[in-house]
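Scroll down for the structure; my scribbles are underneath it.
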Amino acid sequence: MHLPSKAAESSTPAAAPESDKPARSWREALAVYLEPPTLRMLALGFSAGLPLLLVLGTLSFRLREAGIDRAAIGYLSWVGLAYAFKWVWAPLVDRMPVPPLTHWLGRRRGWLLLAQALVMAGLVGMAFNDPSAQLTPLVWCALLVAFGSATQDIALDAYRIESAATDKQAALAAAYQTGYRVAMIWAGAGVLWLAARAEVPGAGGYQNGAWQAAYLAMAASMLVGVFTVLLSPEPQRRELPAARDAGEWVRDVLIEPFADFIRRYRWQAALILALIAVYRISDVVMGIMANPFYVDMGYTKDEVASVSKIFGVIMTLVGAFVGGVLSARFGVARILMLGAVLSAASNLLFAWLAGHGRDLSALIVVVSADNLAGGIASAAFIGYLSSLTNVNYSATQYALFSSMMLLAPKFIAGFSGEFVDHFGYSAFFNATAALGLPVVVLVALALRSTGRPLHGAHRP
């Protein structure tokens, strides 16, 4: 799907189409998971995955237990829009230094360390604020966590893209997703387990002190990312021409990364951006009401922790691994289509569960299938997004793509509580499955527009 610009064609040979390259053996496809860049991405993926549930999924469980109504929980999910607008400050992360961290650690690692410090500070603030007494301070702290986490994502995506060749990006994406999902086990099951253990026996009701202990433990867990950043090498720095004036700086930093994408893909850019904007819409919209659904169905913290947050996330790890291997073996495009179909279909199982009633065995089956599908889709999609970037603008362009992925789904998800209040959980889950139908159509159009599988990123 890559169409290099005329300037690129005149200076470097075009990348070989994925379909023209010899297929890797299964042994070669698996060996990449033992290479140092892949192992580092495993630990950094943990740091990236930890904050997300703490300001979205797990927070919605905490808020529902504290008596906050579903409509308010839905609207508070707009805190996650920080991830959808990270492209606004991504050019600064791409170009500007962070004194003195950039001097000590380099551009990518300096930004990573700063972002991790913001996340830790926000989590400590969330620990010491009680939503049942006053919700606003906790929301501000959640915004700080989301901003720090989005900034970490910008720098980490650029670090990942610059740390390995294009043909290894799917494996790095799978390792990233594995670390990410391990963190989600800890930020989902771990925080619920810690909160349950910290409750005063017999007190009953919402106990903020238990959640306080759990969120402080989550803040300390960010040290995994801090130590990994300190011990990791900085990618080779690409020296870019210095801007002569403010107008040139704005053009180079804010305009050129987006103009480069349009030049390379021409009319196909609109199709690509439309696909990016809706690919994960079924999962994102459904996910906001998942924890309130568990609370309203009568599942306990320990049950949700063991099934949804441990067993389910393990299945996501399996899905991410399978998605990475299949992408390396058969190409990202085919697995992108598979992920789109599975993600939409798995939401129908939640609609069945809502009508089936409280059943722990049924919950295991539904959560397992949903997370397996999500893991396959995520690994393929991250590999796809990475293949679209020009490494000269990796942070800005990847931030644009991953922001677009969240903007429409997060906005729509804000109304999910109102929808459930009016139509019930079964209708809500069926509606989220239907949202996946346009995704399948867009993937098919994207493949048809090129007549062959998608191939690698632009590397001048």
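So which residues in the range 291-303 are farther than 14 Å from D421 by Cα and surrounded by fewer than 22 Cβ atoms within 10 Å (Cβ to Cβ), if there are any at all?
V295, M297, G298, Y299, T300, D302, E303, listed by residue number.
What are the pairs, 6+ residues apart or on separate chains, where a residue within the range 298-320 that is under 15 Å from V366 (Cβ atoms) has its Cβ under 6 Å from a residue that is part of a helix (DSSP H, G or I) and of a type in the set (S, T, N, Q)?
Listed by first residue and then by second, the contacts come to G312/N371; M315/S368; M315/N371; T316/N371.
Filter the range 92-120 down to the residues that are modelled with pLDDT under 90, within 30 Å of G414 (Cβ to Cβ) and surrounded by 24 or more Cβ atoms within 10 Å (Cβ to Cβ) and list them by number.
Result: V93, D94.
Got at least one residue in the range 270-280 being within 28 Å of P409 (Cβ to Cβ), at pLDDT below 80 and in contact with a helix residue (DSSP H, G or I) (Cβ under 7 Å, 6 or more places away or on another chain)?
Among the residues of the range 270-280, not one is within 28 Å of P409 (Cβ to Cβ), at pLDDT below 80 and in contact with a helix residue (DSSP H, G or I) (Cβ under 7 Å, 6 or more places away or on another chain), which makes the answer no.
Between residues in the range 323-337 that are within 15 Å of Y176 (Cβ to Cβ) and residues that are buried (at least 24 other Cβ atoms within 10 Å of the Cβ) and of a type in the set (V, I, T), which pairs lie under 6 Å by C-beta distance while being six or more apart or on different chains?
G323/I335; G323/I376; S327/I335
Suppose we filter D130, D94 for residues that are among the charged types (D, E, K, R) and under 17 Å from L216 (Cα atoms); which single one remains?
None of the others qualify; the one that does is D130.
So if I check each of V322, V295, V313, which one is in a helix (DSSP H, G or I), of a type in the set (A, V, I, L, M, F, W, C) and farther than 19 Å from A344 by Cα?
Of the residues listed, the single one that is in a helix (DSSP H, G or I), of a type in the set (A, V, I, L, M, F, W, C) and farther than 19 Å from A344 by Cα is V295.
Tell me which residues, restricted to the range 373-428, are touching a Ser or Thr at 6+ places or on another chain (Cβ under 6 Å) and farther than 22 Å from Y180 by Cβ.
G414
Within the range 191-209, can you find the residues that are small (G, A, S) and either modelled with pLDDT under 90 or surrounded by fewer than 18 Cβ atoms within 10 Å (Cβ to Cβ) (or both)?
A196, A198, G202, A203, G204, G205, G209
Say whether the condition of being in a helix (DSSP H, G or I), modelled with pLDDT of 80 or more and not hydrophobic (A, V, I, L, M, F, W, C) is met by at least one residue in the range 224-244.
Yes: the range 224-244 contains one or more residues that are in a helix (DSSP H, G or I), modelled with pLDDT of 80 or more and not hydrophobic (A, V, I, L, M, F, W, C).
Applying the selection to the range 123-140, what residues are in contact (Cβ under 8 Å) with a residue 40 or more places away in the chain and part of a helix (DSSP H, G or I)?
L123, V124, M126, A127, V139
If S47 meets every condition in (1) part of a helix (DSSP H, G or I); (2) among the polar types (S, T, N, Q); (3) more than 20 Å from the chain's Cα centre (by Cα) apart from one, which number is that one?
It fails just one condition, (3).
What residue, of V284, V325, V332, V313, is modelled with pLDDT of 80 or more and in contact with a Gly (Cβ under 9 Å, 6 or more places away or on another chain)?
Exactly one residue qualifies, and that residue is V284.
Exactly one of (1) under 21 Å from the mean Cα position of the chain (by Cα); (2) of a type outside the set (D, E); (3) within 30 Å of T151 (Cα to Cα) is unmet by L338. Its number?
(3)
Only one of A328, A340 is surrounded by 21 or more Cβ atoms within 10 Å (Cβ to Cβ), under 21 Å from I281 (Cβ atoms) and of a type in the set (A, V, I, L, M). Can you tell me which?
A340
Could you tell me which of the residues L42, L59, L81 is buried (at least 24 other Cβ atoms within 10 Å of the Cβ), out of contact with any His (no Cβ under 6 Å at 6 or more places or on another chain) and assigned to a helix (DSSP H, G or I)?
L59
Can you tell me which condition Q177 does not meet? The list is (1) within 25 Å of the chain's Cα centre (by Cα); (2) surrounded by fewer than 23 Cβ atoms within 10 Å (Cβ to Cβ), and all the others hold.
Condition not satisfied by Q177: (2).
The values are calculated or read from the model by the stated rules, or taken from the named source; none is laboratory data. On a predicted model such as this, the values are computed, not experimentally measured, just so you know. All Cβ positions, glycine included, derive from the backbone under ideal geometry; neighbour counts span all protein chains shown.
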